[in-house]
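The values are calculated or read from the model by the stated rules, or taken from the named source; none is laboratory data. This structure is a prediction, so every number in the text was calculated from the model and none was measured. Virtual Cβ from ideal backbone geometry, glycine too; neighbours counted across all protein chains shown.
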Amino acid sequence: MNAQHHRKHSIPLACINCGTITELRDFPGACPNCGETIVEARYDMGSINVNEWLAALKTRPSSLWRYHEVLPIYDTANIVSMGEGVTPLIKSRALAAALGLNHLYFKDERQGPTGSFKDRQATVAISALKEMGVDEVVVASTGNVAIAYSAYGARTGVKVWAFAPALTPNDKMREAAIYGAEIIKTTGNYDQTKQLAAQFARAKNLFLDKGIKSVAATEAMKTMAYEIAEQLGDELEDGGRWRSPDWFLQGVSGGLGPIGVAKGFRELHDFGLVDKLPAFGLIQSTGCAPMVEAFERGQRVATPIEDSQTIIVTLATGDPGRAYQILYDYVHENGGHFTSATDEEAFNAIRILARNDGISVEPATGVTFAGLFRMVREGIIKPDDVVVVNCSGHTMPVEKTILGEQWQKLVDMTETSEIPALPPQDDLVAALEQINAASKKIVVIEDNEEAARLMSRILETRDDCEVHMAHNGEAGLRLVQRLHPDLIITDLMMPGVDGFELINRVKADPQLVNTPIVVVTAKELTVREREQLDEQADMILQKGSFIDDTFVEKLIARLN
């Protein structure tokens, strides 16, 4: 497995439907036998000595091309790279604690050269086009592909014609134009825009990305599986053995991304580097969710949606075609779930993630996290599951949509002729006391400090909440007895004085007996425990529910 510059073998493409083999250089964009557009590159896996290969990886640069033996390039001299791939795998702290998850990780694809996971696809596609001698390519894109292809095309002299549907953010297309792409904005949806791009390519006799797209997307995205398995091995396994997560989550539109990730884990399993394939959590926007609707009906074929209702254009593919069938089969064989989230839930998830774990993501990833919240609440994802979420792109081009225009407060000083003197100290203290007097006192008792901090942050965004925290039951009981709060929020499983004992002692105190109590727990309650809490607590929540804005509003309503 020496890193050779010139490969002597060819790279065949196998049709996933009928198995017909086509040479990469000659692939017309669809199987010549059955018309299938999704194909897989096949490699001589038996020629790879795994131990030698693992040793070689340790000496290679940090880019996805460190796995070049299993990528569709004949000659490594044709690689067009800007250091994409090998993105961080970041362990969540606050959000994981709030959800009751012990092993939640973010695959931070925002750190690619153009800020999205499409950099993986672009480096493979543009390298393959360079090797084939193509110097102009037509793509249909909702933003990220156009930007990534344009950047990599500029680096090697491949001109990009980018067709974008109506809802594509102008900021994204402007960035593609900076790299020299020709931008054609349409008034149609994504599916209509793809048809127009194909017509244009035929009329101008230009190379249409459709052919290389499925190969590049699948082969590039599989490198994410390689990286995750390697990184989780370093994180969780003694001796650095590679391992698969229990769950891989991604927002889905056309579906080629997770198909590629699935291929990567299959190859790793064939190599003997991992012992299982992960379950997939596949999330779509409620306004355009043909896969989810078909899955819920138990159907292997999705009914196309002609009129998308989501403003998250990157997820607005109404007809996933064969991709859904492949993912449906994967989920039935290896486990997983399809679910959806509204645009509003997605934007709320973006805020929650940014404010609590410092990760600012694009709307498609917001949909993914909203789906994660739902799957945790429904008990589909368990507390000890190892979960990896694809953070596919950065918020920056769409922050106005997320925050609105009222993201800052303005102090108008235009009418002030002079700066007023500070009020006397006594008056200032009185004013502060008046503000505090209007606040509702809330005691949060939670032994997981990250979860407690997240609850506190959410509540303190309101002007009418004064939050006090305790990190064990005994300290929490003392705090409650001293403050006589308006609301108690408590976990159940704590050392020493647990939540059940704390609630009993609060209810036995005549001065505290009427204090509302909210229980937030990851514990699976027995019938007897549920009956006890139904009598003593005002609300019982599984961890994960607390991050829902609608819940916070209901919670505050109980105090008024």
Next item on the list: Please work out if Gly180 is more than 21 Å from Gly29 (Cα to Cα), of a type outside the set (Ser, Thr, Tyr) and under 25 Å from the mean Cα position of the chain (by Cα).
Entry: no
Item checked: Wholly within the range 326-428, helices (runs of 4 or more DSSP H) carrying at least 1 residues that are surrounded by 11 or more Cβ atoms within 10 Å (Cβ to Cβ), assigned by TED's automatic domain parsing to the domain that holds Ala279 and at pLDDT 90 or above -> 343-357, 363-377
Next item on the list: Go through the range 258-275 and give me each residue that's touching a strand residue (DSSP E or B) at 6+ places or on another chain (Cβ under 8 Å) and surrounded by fewer than 23 Cβ atoms within 10 Å (Cβ to Cβ).
Entry: Lys263
Check: Counting just the residues of the range 522-546 that are of a type outside the set (Phe, Trp, Tyr) and in contact (Cβ under 8 Å) with a residue 40 or more places away in the chain, which one comes out surrounded by the fewest Cβ atoms within 10 Å (Cβ to Cβ)?
Finding: Ser545
Next item on the list: Could you list all residues from the range 306-320 that are buried (at least 19 other Cβ atoms within 10 Å of the Cβ) and in contact with a Gly (Cβ under 7 Å, 6 or more places away or on another chain)?
Entry: Ser308, Thr310, Thr314, Leu315, Thr317, Pro320
Margin query: Given the condition surrounded by fewer than 23 Cβ atoms within 10 Å (Cβ to Cβ), within 18 Å of the chain's Cα centre (by Cα) and assigned to a loop (DSSP other than H, G, I, E, B), answer yes or no: does some residue in the range 278-286 qualify?
Written below: yes
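So that you can scan it fast, the table gives a plain yes or no per residue for (1) surrounded by 21 or more Cβ atoms within 10 Å (Cβ to Cβ); (2) aliphatic (A, V, I, L, M); (3) closer than 20 Å to Val215 by Cβ:
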| position | (1), (2), (3) |
| --- | --- |
| Ala154 | no, yes, no |
| Asp171 | no, no, no |
| Ala176 | yes, yes, no |
| Tyr179 | no, no, no |
Notebook entry, point to check: Filtering the range 107-136 down to residues that are closer than 18 Å to Asn205 by Cα and surrounded by fewer than 24 Cβ atoms within 10 Å (Cβ to Cβ), which residue is modelled with the lowest pLDDT?
Noted result: Met132
Next item on the list: Select from the range 495-521 the residues that are among the aliphatic types (A, V, I, L, M) and surrounded by 12 or more Cβ atoms within 10 Å (Cβ to Cβ) and list them in ascending order.
Entry: Val497, Leu502, Ile503, Val506, Leu512, Ile517, Val518, Val519, Val520
Next item on the list: Answer with yes or no whether Ser81 is without any contact (Cβ under 8 Å) to a residue 60 or more places away in the chain, among the small types (Gly, Ala, Ser), in a helix (DSSP H, G or I) and under 19 Å from Ala216 (Cα atoms).
Entry: no
Notebook entry, point to check: Given the conditions (1) in a strand (DSSP E or B); (2) touching a residue at least 24 places away in the same chain (Cβ under 8 Å), which single one is not true for Ile184?
Noted result: (2)
